[in-house]
Structures are given as C-alpha cells and as structure tokens.
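Comments concern the structure below.
The values are calculated or read from the model by the stated rules, or taken from the named source; none is laboratory data. Bear in mind the structure is a predicted one, so any value in this text is a computation, not a measurement. Neighbour counts are summed over all protein chains in view; Cβ atoms, including those assigned to glycine, are modelled from backbone coordinates with ideal geometry.
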Amino acid sequence: MLVVKVYNTLTRKKEEFKPLVPGQISMYVCGPTVYNYIHIGNARSSIAFDTIRRYLEYKGYKVKYVSNFTDVDDKMINEAHAEETTVPKLAEKFINAFLEDTTALNIEPATLHPRATHEIKEIIAFVQTLIDKGYAYESHGDVYYRAKKFKHYGELSDQNIERLEEGASEHINDEEQNRKEDPIDFALWKAQKEPDEIAWDSPWGKGRPGWHIECSVMSTKYLGDTIDIHGGGQDLEFPHHENEIAQSEAKTGKKFVNYWLHNGFVTVGKDQEKMSKSLHNFVTVHDILKEVDPQVLRFFMASVQYRRQINYSAENLQQAATILDRFKNTLVNINYRLEDDTPSKDSDELAKAIAKTNEKFEVAMDDDFNVQNALTAIYDLLPIVNANANAEKADKKSLKLFKDKLSAWLLVFGIDTEKLCSQSADSNDEIDQLVKKRDEARKKKDWATSDQIRDQLKEMGITIQDTPQGTRWTRD
Ligand SMILES: [Zn+2]
C-alpha cells in the first residue's frame, strides 16, 4: 500500500502519515457553533475533512471521527436573547438544521458528535487539573490559562510571545483584560454575568466553559491523550488550536496531535471577497440548496484541494455541474450498452487504461489529497471509455469494471453514482430544447409562450433560473 503524505501545519512540511495504531485513525474536527444555519465556510470545512476521511476509508483505514457542536458561548447567548428563546432550544434547532444540510451534502455523520453542554462535569475536572498543576488561576469567578507558562505556546501558528503580547495590548482596556495576570492569558471558564444567563455550578461559582476547553476535553475523552489528525479551518489555527494544544499538553504531559490539517478560506463572487456578515455576502447552505442541486455544491467544494482557497460563484458552480454531467452521461451511456444484447469483445486495452487511471488517482490523493490531479486522471479516461461504449462491439467486462471504479472514485468526493444517474440523462435533451424555445420567446417578448413553457417545465419538476450567464435549470 502506498503511503499518504499530509501537510502538517505544526511542522510546516509534508510528512508521511503514520497512524498511532496500524490500520486505524483517530480524527477530530472542530464543529460549528450552532446559533445559525451553517454558512459555506462551515460547509467547506465539513466537506474537506469528509473527503479526507472518505479517502482514508477508501485506503482501508478504519476512521474514528469526532466532531463537536459548540452549543453554549457568547454568540449562542446573544442569539437566544435576540430570538427570545433559550440556549438549549436554539441549539436543538440548529443542530437539526446542520444534520439536514450535511446529509443533503452527503457528509458522513461523525462517529460521535459530542456537545459542550453534555460535558460540563469533565470540563470542570479538566480545568481543576490545570489549576492544580499551576497552569491556570481563578479571578472574579473566571478561570484563565497562564499562556506563558506553556513553553510551546505560539508554535502551531508560528508566533513568538512578543508578537502575541503586541496583539493583546490592543485590548488592554477590555473589562476581561483587567482580570487577567497577563494580557495573553485566555479564559477556560467564564463567570455568569446576568442572573438569567445559562450557567452551571462549579468550584469557582456559577458559570460556563470557554470555547477552547471543550475541544481539549472531547478530543482526549473520546479519542485519547494523543490523536492522529486534528482538523479545522485556517482561521482556527490561532488562538483556538494554539490554546487546545496548551490546555491538553499541560494536562496530559503528552503530545496532543500528530498531524494538524487546516482547510483554506472561501471567497464569494467575482471580486473574491472574504465572506463576512458586514459585507452582506454571508451565504448559508440552507439558502443555497433552495436553488442548487446538493450534489453539485458537494462536488464543487470537494473538487478543490482542501488547503486551497475556494471561490464561490455561479460560474464555478456551473463548471462543476458540467463535469458532473459528463460523468453522469458516460455512466448512462455504459448502462445502456451493458443492457443491450450485442456480444462483448473483451480486450485488455481498456482494462489497462482503467488500471493506469486508478494508479494516477491514488498517487494524486496520496499527495496531500490532490483532488484536482485525481479528477483530471478520471476525466482523461472518459473519451476512451465512451469510444468503447459506442463501438460496434464493446468490451462489456471492462465497461462494468469502469462503472465500479468510477463509483469508488467519486464516492471519495461524496458523489453517489447511483443517485447521480437516477436523475435520468435521457430527458435532458427534451428539457434543453424547451429551455431554448423559451429563451427565443423571451427575446421576442412573447411572454405568453415563455410563461407557458415555464409552467410545462414546472410540471416536469424542472425549475428555471435566469442568470446573467444565461438560463439555467435544475430538477426539484
Ligand atoms: Zn475546536
């Protein structure tokens, strides 16, 4: 078996991946704060690590995958207040929405989805151990971590203490800062601020856990003191993951994570702006899926290597849809051929080409999950397969082999080929013809005909979308 190489943020190098237990992998991925529908940045992270997990499973590893829900923090408290609901009710609503969206995107459920509020006892015990060891201190009902006491602080995000101090000094007048011994210390436990604010009893009074501590607790509890892979978005490197290392290693005295993997950002639209609420380009998966086929969104996001930036735009989505259509049409073509009663002409030519593609696919994926090269290898095989499927005498044995292989390859990208083909390609021509007729009617301002065709398509389960790039259609 070939060895997988992964880029480790901690060493800033591509390294040969060696799991702690041969054949098994422990993997932790930071999950969302469940105060809203997930945005495409969350979806990107979930898809990136699902694709990595699926490839490791394709390689034969057994993967134990843990991903948390942050179901209590400032954002949760503020949003529950704004929606006039409680924090647990808000969490319930958006955990369900998360599971709905990720199921639509064919993201495998985690082996375990722990929640912060279900781990309060363990969190308090963990914090107490850090206090006992001198790594943490209580102040006005809060508990803080002495960042400088941990000698590797700043290593993951490649920052030194002086730089971190400069950054922290900008917030020197914050109320919280005044309670700390040192501005770079961070909160492990936060005292209750208002009497009606959600809180639990603790040795330091009523309060709730800080954000960073929950991941240290859940990762060590469910996967062990040292794990193989910890994943998350690049924006989590500092302070979140830096703090997770400080907390965990101070408590256990062991290395927390062997391989740190971080996914790249998502930008939106033609100007490739970074997504943010203030720019009003905060796109939720819930809204996207009203218009876009989930398989297309999944494939689009899975087809960019996890460390690279993704530009979310109608154009790029369309490009992914076109590639997916070519896979679909090839499969429909093969299925049609396998069912006809012409004799098969077996030769090893096509079988060899398939084996070569399989090798290229694995070499690319083994190289830090280079999905672009893996897809190119598959894509380049399509004309050979189609030529064979269209020949007078097809090599049916190899076509069947290709069908199975393509299913396995595309499953790594989260695409179920059976589902893909169930949206029959046969009627696409008819739809394209109707869309064309409607476009012509619109050009002539013949709105009656245009509306009539739209209704006809609607009845066929087709939704029309007029975009600046032209008319697009999707199946309901
Ligand atoms: Zn985390």
Could you tell me how many of the residues in the stretch 332-350 are among the β-branched types (Val, Ile, Thr) and surrounded by fewer than 15 Cβ atoms within 10 Å (Cβ to Cβ)?
1
Exception for ILE227 within (1) crowded, with 22+ Cβ neighbours inside 10 Å; (2) closer than 30 Å to SER169 by Cβ; (3) in contact with a Phe, Trp or Tyr (Cβ under 8 Å, 6 or more places away or on another chain) falls at (2)
Being farther than 30 Å from ASN373 by Cβ, crowded, with 23+ Cβ neighbours inside 10 Å and modelled with pLDDT of 95 or more: is that true of ARG208 here?
yes
Looking for something within 16 Å of the ligand (Cβ to nearest atom) and surrounded by fewer than 23 Cβ atoms within 10 Å (Cβ to Cβ) - is there at least one such residue anywhere in the stretch 10-27?
yes
Go through the stretch 1-27 and give me each residue that's without any contact (Cβ under 8 Å) to a residue 12 or more places away in the chain and not in a loop (DSSP other than H, G, I, E, B).
LYS13, VAL21
Those residues of the stretch 157-190 which are part of a loop (DSSP other than H, G, I, E, B), polar (S, T, N, Q) and modelled with pLDDT of 85 or more amount to SER157, GLN159, ASN160
For ILE95, which of the numbered conditions (1) in contact with a Phe, Trp or Tyr (Cβ under 9 Å, 6 or more places away or on another chain); (2) surrounded by fewer than 19 Cβ atoms within 10 Å (Cβ to Cβ); (3) closer than 15 Å to LEU261 by Cα fails to hold?
(3)
Quick one: is LYS328 more than 34 Å from the chain's Cα centre (by Cα) and either not acidic (Asp, Glu) or not assigned by TED's automatic domain parsing to the domain that holds GLY41 (or both)?
no
Index of the failed condition, GLY264 passing every other in (1) under 20 Å from ASN311 (Cα atoms); (2) at pLDDT below 95; (3) away from the ligand (no atom under 16 Å from the Cβ):
(2)
Go through ILE415, ILE378, ILE431 for me and flag whichever is in a loop (DSSP other than H, G, I, E, B) and either over 28 Å from ARG53 (Cα atoms) or touching a Leu at 6+ places or on another chain (Cβ under 8 Å) (or both).
ILE415
Here are ARG307, ARG298, ARG337: which of them is in a helix (DSSP H, G or I), among the charged types (D, E, K, R) and at pLDDT 95 or above?
ARG298
Look at LYS193 and say whether it is within 23 Å of ILE120 (Cα to Cα) and part of a helix (DSSP H, G or I).
no
What's the number of the condition PHE256 fails, among (1) farther than 23 Å from MET76 by Cβ; (2) more than 12 Å from the ligand (Cβ to nearest atom); (3) touching a helix residue (DSSP H, G or I) at 6+ places or on another chain (Cβ under 7 Å)?
(2)
Among the residues of the stretch 31-50 satisfying the criterion of being among the hydroxyl-bearing types (Ser, Thr, Tyr) and part of a helix (DSSP H, G or I), which is farthest from the ligand (Cβ to nearest atom)?
SER46
Any chance GLU249 is within 16 Å of the ligand (Cβ to nearest atom) and crowded, with 22+ Cβ neighbours inside 10 Å:
no
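So that you can scan it fast, the table gives a plain yes or no per residue for (1) away from the ligand (no atom under 16 Å from the Cβ); (2) touching a residue at least 12 places away in the same chain (Cβ under 8 Å); (3) over 26 Å from LEU223 (Cβ atoms); (4) not hydrophobic (A, V, I, L, M, F, W, C):
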position	(1), (2), (3), (4)
VAL29	no, yes, no, no
ILE52	yes, yes, no, no
TYR65	no, yes, no, yes
GLU84	yes, no, yes, yes
PRO114	no, yes, no, yes
Residue check, THR267 against (1) out of contact with any Phe, Trp or Tyr (no Cβ under 6 Å at 6 or more places or on another chain); (2) touching a residue at least 60 places away in the same chain (Cβ under 8 Å); (3) among the β-branched types (Val, Ile, Thr), all met but one. Which one?
(2)
